[in-house]
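First up is the structure itself, then whatever we jot down about it.
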Amino acid sequence: MINALFPLLNGIDGLFSDALTWPVRVCIWGVASGALAMGVYALLSPQAAIRRLKDRARELRGSMLRPEFSETPFGPTARENLRVSFALLARTAGPTLIAALPVLVTAIWIDITHGYVLPEAGTLKVLTSEQESAPDVRLIVSSGKTLIVMAGHQKIYEGLVTAAPFLEKSHWWNSLVEAPAGYLVSDSPVEQVALNVRRRDVWARMAEWAAGWEAPFFMFVFAAALFFKFRYRID
């Protein structure tokens, strides 16, 4: 489902791949995703109603901070403040969730398509596997292109060699996001096979947790979203 958008994203990324390095493109994708998310939110959210609710919430909070408020019944004001808060949540929750979709789709695409790299030719191997009745899980690589995984005498996987960190059986969420490498056969005695595929570094000199695509991508997503929020006064 989501994978249907990958050829479009690959095509757009390919237009800039010769002129821009991958770290730069990650940052650009973050900016584009943040800007698109904020634009979708601005279009779908009732901005006038949200502003009125925010003004009313500020008014209620201000009144509760005044010295003379101690002489006013607290209950009605608190209930009104709670009502306004829930009304504000109701008007922003849906647009916020929909606006997050461009960021989510782009993040999934980056992780699946560009997030990992294969080891040197001839060094692909099994790291770990959750196994019960198949203690000898092993790989067979044919002509450097086809990967076969055996569990004992049973062939549990066959597909093209791709930079996938693990192979596993199909799950319900794969109806939304397909695994490009394919899946282990349904009667496989192992649920998952991990391979020595490494994460692709964006910032090689950073700490391991910050070296991947996630840190720069989401940093620029938030920066772009905040910029457009304040630049165009989006509530």
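So which helices of the chain fit the span-like rule, where a helix is a whole DSSP H run, its Cα atoms reach 30 Å or more along the axis, and its mean Kyte-Doolittle is at least 0.0?
22-44, 74-99
Express the accessible area of the chain per residue in Å², computed with a 1.4 Å probe while the remaining protein chains stay in the model.
Result: 62 Å² of accessible area for each residue.
Residues of segment 214-235 with amide nitrogen under 12 Å from the 7 Å Cα-to-Cβ point of residue 57?
235
Can you give the direction-averaged projected area of the convex hull of the alpha-carbon atoms in the chain, in nm²?
Value for the chain: 19.4 nm².
Using label points projected 7 Å from each Cα along Cα→Cβ, tell me how many nm separate residue 90 and residue 172, to one decimal.
If labels sit at residue 90 and residue 172, their model points lie 2.9 nm apart.
What's the long-distance tail for segment 116-234, i.e. % of Cα pairs beyond 22 Å?
49 percent
Would you mind checking which residues have amide H under 5 Å from residue 192's amide H? H placed 1.01 Å from N; only 5 or more apart, or other chain.
For residue 192, whose amide H was placed from the backbone, the distant partners under 5 Å are 130.
Computed FRET efficiency, Cβ-Cβ of residue 226 and residue 185, R0 45 Å: what is it to the nearest 0.05?
0.40
With a 1.4 Å probe and all protein chains kept in place, how much accessible area does residue 127 have, in Å² rounded to the nearest 10?
Only protein atoms counted, so the area is about 100 Å².
Any idea of residue 53's accessible area? Nearest 10 Å², probe 1.4 Å.
Approximately 20 Å² of residue 53 is accessible to the 1.4 Å probe.
Tell me, what % of the accessible area of the chain is carbon and sulfur with a 1.4 angstrom probe?
64 percent
The values are calculated or read from the model by the stated rules, or taken from the named source; none is laboratory data. Because the structure is a prediction, the values reported are computed rather than measured. Quick reminder, even Gly has a Cβ in these numbers, built from the backbone with ideal geometry, and neighbours come from all protein chains shown. With ligands, DNA and RNA removed, areas are computed over all heavy atoms of the protein, side chains included. Shrake-Rupley method; radii C 1.70, N 1.55, O 1.52, S 1.80 Å.
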